[in-house]
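The values are calculated or read from the model by the stated rules, or taken from the named source; none is laboratory data. These numbers were taken from a predicted model, which means no experiment stands behind them. Glycine gets a Cβ as well: all are built from the backbone with ideal geometry, and neighbour counts include every protein chain shown.
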Amino acid sequence: MKPAELQHLLDALIADWEGECVEFKDANDSYSTPDIGKYFSALVNEANLHAHEAGWLVFGVNNKTRKVVGTDYRKDRERLHSLKHQIAQNTDPPVTFREIYELETAQGRVILFEIPAAPRGIPIAWNGHYYAREGESLASLGLAKLDEIRGQGAAEDWSAVVCPGATIDDLDPEALTKAREIFVARHGDRISAETIRAWDDASFLEQARLTFKGGITRSTLLLLGRPQSTPFFSPYVAELSWKLEGPELAYEHFHPPFLLQTSRLFQRIRNLRLSFLPPGQLIPVDVSKYDQRIVLEALHNCIAHQDYRQCERVLVIERVGELEFRNAGNFFDGTPEDYVLGNRSPSRYRNRFLAEAMAQLRMIDTMGFGIREVMFRGQARRYLPLPDYDLSDPGHVVMRLAGRFIDENYSRALLTHGDFSLGDILALDKVQKGFVPDEAALKTLRKRGLVEGRKPAVHVSASVAEATGNKADYIRTRRQDDTHYRHLILDYLKQFREASKDELRKMLANKWPEVFTEKQKENKLHNLLTALKRGNHIERTGGKSNARWRLGFVKSDSRMKSSKGN
């Protein structure tokens, strides 16, 4: 806006005075960013509820006198506009000011923050809390207002909107032919193939639930549209992106028709062969890094559940040992684990029309079986680590698919134990990744002899190694009892009389389990020396920088054994 327009806007806001969509502050340069974030959440939500295009936060106007008093808040322009990034980092889903205006008046400097209304159906939180206004006061967003905003989303399905001006000529002929073939395979038992092939395109699209009352919808164009059909989505984005990270860098973007493009994206992925040796065999088992069905299931889920209103691409990042799938929008109904364990079937969808159309084309199922049966059981059948869901990035769902072995004992266990439930595999997968399962799952694994070690240092147990005929690997990677390491230190000091910590570190370098990190090794050595010193088995001379360790006054093995718990 030009200065005259800004002045007119300011006068209008002051004349109407502060309501639930406008807030005035005579803020100075030390005004709290978290407080700005709270007002942002409140004003963005209230603008939605009052059907306003935007809310306004105004600095430099006294709240009581209604007079311009000026503000020195962030006079540096670059620092002022960096507030946009700070707000976006802590709002959920990420959103920020539409614009920040500065106006110089005769009474002083005024800043007008333009805050866009929250998208329909999506309340905006600041640091995990939803805010609103009660008159001129800041307040929590009550359940009634929260339900009102969320109810807007239920009433409007983005994917079902008919695109004005779009016709069947905007559809890709190859994709349309492929869709017919899939429909015949799916429904050929109740509708003859001849009947389906006799339908004209309009009838087929209606039967396949790809159009609405004859209108070409956003779902129709996403799945079957020509690449040139993307302007129909404006200002929204309909795009898949593959990105290669690592020693080599590459990327490629894919536009509709997604029915064909997902397979083409899969072809860009470097799908080498992996090998591991089964117990008691000389011929290794070969598996591909990535299974096409699993990759497409993950990618199709991203397409079906993407929040297209966020104007982001669906992203597939290929790294040396994993694929990362990222789509905009929170996990919509329940949690990933609900579907993995079969405790939930989806009751609602962000894009219901699109999900039903994709189900007709066998791209997804609508009962939540794909995550469990295709992705998780599919990875287990290939002896590879299970997928990991990461919901820590606000407004996004991230899923990582491993294309490498983490612990071959886990893979051998899957090969030799045909009675594992998916719950067992999930728990064992957590152990190989360095996490501790919940107490009930851990108890089950211990009872079956699959894991050992005290929390948090739980690891694959000897029984798995024995079952797989790989005891040597187990001995090499298992954690020894502390007494074993204490004897090594005492034997070293008996032979060489004294040693520095660095010399002891080098002596133990090839004695630690291979799964130990450098930090774990250092902590273990410190704890061993402390325990031996408290038991008077060793003593330290010199300062911290030149400390030397030597035998103490108690050296007998019997005393050592009695001090095992130190």
For this session: Filter the range 310-340 down to the residues that are touching a residue at least 40 places away in the same chain (Cβ under 8 Å) and among the aromatic types (F, W, Y), then identify the one that is surrounded by the fewest Cβ atoms within 10 Å (Cβ to Cβ).
Result: F331
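Residues are listed down the side, and each one gets a yes or a no for (1) of a type outside the set (A, V, I, L, M, F, W, C); (2) outside the structural domain of A54 (by TED's automatic domain parsing); (3) on the phi < 0 side of the Ramachandran plot:
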| position | (1), (2), (3) |
| --- | --- |
| N127 | yes, no, no |
| R133 | yes, no, yes |
| A139 | no, no, yes |
| P164 | yes, yes, yes |
| I168 | no, yes, yes |
Problem set entry | Matching entry among A193, A198, A179 (being buried (at least 17 other Cβ atoms within 10 Å of the Cβ) and either within 36 Å of the chain's Cα centre (by Cα) or of a type in the set (A, V, I, L, M) (or both)) | A179
Seminar exercise, completed: If we keep only residues of the range 356-377 that are touching a Ser or Thr at 6+ places or on another chain (Cβ under 6 Å) and surrounded by 16 or more Cβ atoms within 10 Å (Cβ to Cβ), then the residue farthest from E156 (Cα to Cα) is G368
For this session: Name the single residue, out of those in the range 51-68 being of a type in the set (V, I, T) and touching a strand residue (DSSP E or B) at 6+ places or on another chain (Cβ under 6 Å), that is farthest from A27 (Cα to Cα).
Result: V68
Seminar exercise, completed: H50 fails exactly one of (1) under 28 Å from the mean Cα position of the chain (by Cα); (2) surrounded by fewer than 18 Cβ atoms within 10 Å (Cβ to Cβ), namely (1)
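Considering only residues that are β-branched (V, I, T) and either part of a helix (DSSP H, G or I) or under 14 Å from Y485 (Cβ atoms) (or both), look in the range 529-546 and name the one that is modelled with the lowest pLDDT.
Selected residue: T530.
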Exercise. So which of R344, R377 is part of a helix (DSSP H, G or I), among the basic types (K, R) and over 24 Å from Y251 (Cβ atoms)?
Worked result: R377
Exercise. When you scan the range 154-172, how many residues do you find that are surrounded by 13 or more Cβ atoms within 10 Å (Cβ to Cβ), part of a helix (DSSP H, G or I) and without any contact (Cβ under 8 Å) to a residue 60 or more places away in the chain?
Worked result: 1
For this session: Evaluate the following for D388: is it at pLDDT 85 or above and either closer than 24 Å to R446 by Cβ or outside the structural domain of F331 (by TED's automatic domain parsing) (or both)?
Result: yes
Seminar exercise, completed: Of the candidates R133, R120, the one satisfying the condition of being surrounded by 13 or more Cβ atoms within 10 Å (Cβ to Cβ) and not in a loop (DSSP other than H, G, I, E, B) is R133
Problem set entry | Residue ranges of helices (runs of 4 or more DSSP H) in the range 197-283 with at least 3 members in contact (Cβ under 8 Å) with a residue 24 or more places away in the chain and within 19 Å of T167 (Cβ to Cβ) | 201-207, 218-224
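What number of residues within the range 488-526 are among the β-branched types (V, I, T) and either surrounded by 11 or more Cβ atoms within 10 Å (Cβ to Cβ) or part of a strand (DSSP E or B) (or both)?
Adding up the residues that qualify gives 2.
So that you can scan it fast, the table gives a plain yes or no per residue for (1) in contact (Cβ under 8 Å) with a residue 24 or more places away in the chain; (2) farther than 23 Å from V58 by Cβ:
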residue: R98; (1), (2): yes, no
residue: T105; (1), (2): yes, no
residue: I111; (1), (2): yes, no
residue: A117; (1), (2): yes, no
residue: R133; (1), (2): yes, no
residue: L141; (1), (2): yes, no
residue: D147; (1), (2): no, yes
residue: R150; (1), (2): yes, yes
Exercise. For E518, all conditions in the list (1) over 17 Å from A457 (Cβ atoms); (2) within 42 Å of the chain's Cα centre (by Cα) hold save one; what is the number of the exception?
Worked result: (1)
For this session: Test R372 against the criterion of being at pLDDT below 90, among the charged types (D, E, K, R) and either over 16 Å from the mean Cα position of the chain (by Cα) or assigned by TED's automatic domain parsing to the domain that holds L222 (or both), and give yes or no.
Result: yes
Exercise. Name the residues in the range 60-79 that are free of Cβ contacts under 8 Å to residues at least 40 places away in the same chain and of a type in the set (D, E), would you?
Worked result: D76, E78
Exercise. Of the conditions (1) assigned by TED's automatic domain parsing to the domain that holds V398; (2) closer than 21 Å to M363 by Cα; (3) surrounded by fewer than 16 Cβ atoms within 10 Å (Cβ to Cβ), V285 fails just one. Which one is it?
Worked result: (2)
Problem set entry | Among the candidates E194, E148, residue that is within 30 Å of D16 (Cα to Cα) and of a type outside the set (S, T, N, Q) | E148
Exercise. Is it the case that N301 is touching a residue at least 40 places away in the same chain (Cβ under 8 Å), part of a loop (DSSP other than H, G, I, E, B) and of a type in the set (S, T, N, Q)?
Worked result: no
Seminar exercise, completed: Taking the range 221-267 and keeping only residues that are among the hydrophobic types (A, V, I, L, M, F, W, C), in contact with a His (Cβ under 9 Å, 6 or more places away or on another chain) and more than 17 Å from M358 (Cβ to Cβ), one is left with W242
Exercise. Which number in (1) on the phi > 0 side of the Ramachandran plot; (2) touching a Lys or Arg at 6+ places or on another chain (Cβ under 9 Å) marks the one condition that G395 misses?
Worked result: (2)
